[in-house]
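Structure first, then comments.
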Amino acid sequence: MSNYSEESILNFLGPYKGDGSTILRSLQLVQELLGYVPDSALDIIAKNSNVSRAEVYGVFTFYSDFRSTPPAKVVVKVCVAEACQASGNADLISELHDKGYDIHKGNIKDDIQMEQTFCLGNCALGPAAMVNGAPIGRATCERIFAATSAVTQ
């Protein structure tokens, strides 16, 4: 949903009105609704939660899963934490880079967005990746792109 109004977001966040302890949940709900959290939604959440915009912005910028722009059709997250480093993610990252994807910048190519993340909880099967929320253990470029192809078809 790309079109939204303040009223539609406030209606969506209705159960959390006036509760400053629900900033995180409110951000999650807006991202679920819109696919991202536009800058103007920070003001709406602050107003609804009865907190300052700075408090909402602090939570928004603390968690790397929140995005301020609409995502690509396919979002690939590649783990860069220590366990995946020990499992050889440097080769995977290098191969992705050779194909034109820079996970450190989160660039979008062919409607696929590659991002780095710090731990997917799949350490025993590192290097780990995730394609639109579906985990991939022992990730390789071939396995990642097979998963992205399944999503785009």
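The values are calculated or read from the model by the stated rules, or taken from the named source; none is laboratory data. On a predicted model such as this, the values are computed, not experimentally measured, just so you know. No Cβ is skipped: glycine too gets one built from the backbone with ideal geometry, and neighbour counts run over all protein chains shown.
Assess whether L29 counts as being aliphatic (A, V, I, L, M) and modelled with pLDDT under 90. So L29 does not fit the description; no. Within the stretch 95-132, the set of residues being surrounded by fewer than 20 Cβ atoms within 10 Å (Cβ to Cβ), touching a residue at least 40 places away in the same chain (Cβ under 8 Å) and in a loop (DSSP other than H, G, I, E, B) comprises K99, D111, F118, C119, N122, N132. The numbered conditions (1) part of a loop (DSSP other than H, G, I, E, B); (2) in contact with a strand residue (DSSP E or B) (Cβ under 9 Å, 6 or more places away or on another chain) are all true for K77 except (1).
Can you confirm whether the stretch 73-89 contains a residue that is in contact with a Cys (Cβ under 7 Å, 6 or more places away or on another chain), among the small types (G, A, S), under 22 Å from G133 (Cα atoms) and surrounded by 16 or more Cβ atoms within 10 Å (Cβ to Cβ)? Taking every residue of the stretch 73-89 in turn, at least one turns out to be in contact with a Cys (Cβ under 7 Å, 6 or more places away or on another chain), among the small types (G, A, S), under 22 Å from G133 (Cα atoms) and surrounded by 16 or more Cβ atoms within 10 Å (Cβ to Cβ).
The number of residues in the stretch 93-127 that are over 20 Å from F66 (Cα atoms), touching a strand residue (DSSP E or B) at 6+ places or on another chain (Cβ under 7 Å) and of a type in the set (A, V, I, L, M) comes to 2. Close contacts from the stretch 1-25, counting a first residue that is more than 16 Å from D39 (Cα to Cα) and a second that is part of a loop (DSSP other than H, G, I, E, B) and modelled with pLDDT of 85 or more, with Cβ to Cβ under 6 Å and a gap of 6+ residues or different chains, come to G18/N50; G20/N50; G20/V51.
In the stretch 6-21, the condition of being exposed (fewer than 15 other Cβ atoms within 10 Å of the Cβ), under 19 Å from the mean Cα position of the chain (by Cα) and among the acidic types (D, E) is met by no residue.
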